[in-house]
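Working notes, structure below.
Read-outs throughout are calculated quantities, based only on the coordinates presented, and are distinct from any laboratory measurement. Everything numeric here is computed off the predicted structure, so don't read it as measured data. Because the Cβ atoms are built from the backbone with ideal geometry, glycine has one as well, and the counts that use them run over all protein chains shown.
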Amino acid sequence: MTEGSSSGSNKLSKNSIGLTGMIMITIAGVLAIIGPLETAAFIGDAGEAAVWPVILGFVLFALVSLPILEYTRIAPFAGGYYGLAELGFGKGAGKFTSLSNYFFYNFWQMANAFFIAFLAVDTIYYLYNVMLPFYAWVLFGVITLILTYVVSVMKAKNLGRVIVAITIPTLILVVAFIVYVILKSPYNSPAFLNPANSSTGISGIFLATAVLGFYLFAGYGASIFFGEEGVKARKNLWRAVYIGLSISALIIAMSVYSELIAIPRSDLSIVSAAANPQLVTWTHYFPISVLMAFNMIVLVVSMASYAAGGGSQARLLWAMARDGFVKSKWLAQLNPKTGVPSRTALVNFILALITFLSVSSLLAKFYGYNPNTVVLGFFVAGTTSTILWYFHHFVPEFGLFSFLRKHKEINYSRRRKILAGLVIPLAGTILFIYTFYEGIIGDLVEPYFAFVILATVIVIGTLLYTFYKQRKGELGESTVSYMVAESGRSFNETEQGEK
């Protein structure tokens, strides 16, 4: 097996992150603390029933992610999803998934930078009617990427502690603000929990669920990449994901409700038209200075929380180098002091920085620098990363069934195998096709069209490059296959015997 080096410094630190740390990394990946700041699309599409796309999106995601979570109970792997694609369909499928996943993370980092820049600029613009200059907008994004890198290269144990330490108090703060609004509002009504009150009908709720609610939780996989460093990972990973998703869904749904009932129902059109409904609604309950402080706290904590995904991307690239698919012994080495892939994190930071600076400059050149462009940057980055998310997910989801067919020794009932390995992936693929059309292809206006083309080029290029490497016999090794083969235990034994 290609390890890059025989030294102990090339082994990730086992038993570094416990269940609580994994839960908080999952919540940080979803970034539930920004729940009050990401409700605009739900209110715009589903009106008074905007809570339902969040709830249904959570339910759908919990189901569709089942094959991935079943896989974490078989082989906790630093390369994340591509391990399942590789176990099911071989190295070619695995390496295509790994590259697709890697490019997703690059545009995910760009989206994070644009979100923080938007939050800072939009908050100050709305509350104080002051538009920060272009360089400030860019600077907020650059600082986001720098802080993501700095925190992500901490020791795994310390990273887990930091994520726990910043996430729990911030979640409590967010919930306190939400509950205060709900208790103080004179407009509380069970009508907001009735799906029949959707301004676009049941079809609008389903569309908002598929296009928006489902992908609200796409960052759930952050903790999966820390599997090799987790305490009792086969037992804890899937639990951490489900617990983290449940907490995130509850907070985001409460956020939506608090903004729906914050003002009279006759004024909801104002909320649905706002880029950030939290500022429009919560100003009726908090002084401007308090909202400013709240958003800045969320801004700073979010920047550090992004290290969860930043650490995932670093481990993904390191796993590809460990396999020998990325031919770099330098990247395959861990930092001897921290035991983390700090070199790959540095490469990721540089690539994300170049991408962010290039896109922000192009947007300002073609659309000018204004409040609309600030929002647009976040949306186009999200569109690109969403498309790439589709393509690194549906391949491994089918990998579970193929893997289980090859390994009869794994104690898995036929019904469970068919449900988790075939029925759910097929349903997920149908949902993928539907959301891809409705959310992406159905409204190809600029600059979204350009970014759809960019994402398409990346997917096709990744496929061709993987095929080229396969033809040359340069796909490298399959570390995840060695992990499964060397365990020498059945699925049930693994769950019961892990220390």
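The figures follow:
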read-out: Ellipsoid semi-axes in whole angstrom, largest first, where each is sqrt(5λ) of the Cα gyration tensor of segment 290-432; value: 36, 24, 17
read-out: Farthest positive-ward along segment 8-477 dipole, Cα basis, beta-carbon charges - from A78, V138, Y105; value: A78
read-out: Local net charge near K91, Cβ-Cβ under 15 Å (Lys/Arg +1, Asp/Glu -1); value: +3
read-out: Per residue convex hull volume, Cα atoms of segment 8-477, in Å³; value: 137
read-out: Point-to-point label distance, I430-I453, nm (Cα→Cβ direction, 7 Å offset); value: 3.5
read-out: Candidate lysines - alpha carbon under 19 Å from K406, same-chain residues fewer than 8 apart omitted; value: K91, K417
read-out: Gyration tensor verdict on segment 38-102 (Cα atoms; rounded if a/c is under 1.5, prolate if a/b is larger than b/c, oblate otherwise); value: prolate
read-out: Cα-based reach from K329 at 17 Å (exclusive), listing lysines while leaving out same-chain residues under 8 positions away; value: K11
read-out: Mean projected area in nm² (Cα convex hull; one quarter of hull surface) for segment 167-226; value: 6.2
read-out: For segment 109-194: Kirkwood Rh in Å [reciprocal of mean 1/r, alpha carbons]; value: 16.0
read-out: The chain: angle of helix 371-406 to the longest principal axis, Cα-based, in degrees nearest 10; value: 30
read-out: Total charge dipole magnitude, segment 8-477, about the Cα centre, Cβ charges on Lys, Arg, Asp, Glu only, Debye to nearest 20; value: 2200
read-out: Packing-based order for 130-140, 56-66, using average beta carbon neighbours within 10 Å, highest first; value: 56-66, 130-140
read-out: Length gained when the stretch S413-E477 is fully extended (0.36 nm per residue, less Cα-Cα span); value: 20.0 nm
read-out: Positive minus negative residues near N158 (Lys, Arg vs Asp, Glu; Cβ under 14 Å); value: +3
read-out: Nearest 10 degrees, 0 to 90: helix 424-435 Cα axis against the chain principal axis; value: 40
read-out: 14 Å tail of the calculated P(r), segment 129-178, as % of Cα pairs; value: 68
read-out: Base-10 log of normalised Debye intensity for segment 211-349 (one unit scatterer per alpha-carbon) at q = 0.09, 0.12, 0.18, 0.20 Å⁻¹; value: -0.45, -0.70, -1.10, -1.22
read-out: Cubic angstrom per residue, convex hull over Cα atoms of segment 140-296; value: 153
read-out: Signed unit charges on C-beta, dipole axis of the chain, positive-most listed residue T281, I27, V175; value: I27
read-out: Folded to 0 to 90 degrees: helix 51-64 orientation relative to the chain principal axis, Cα; value: 0
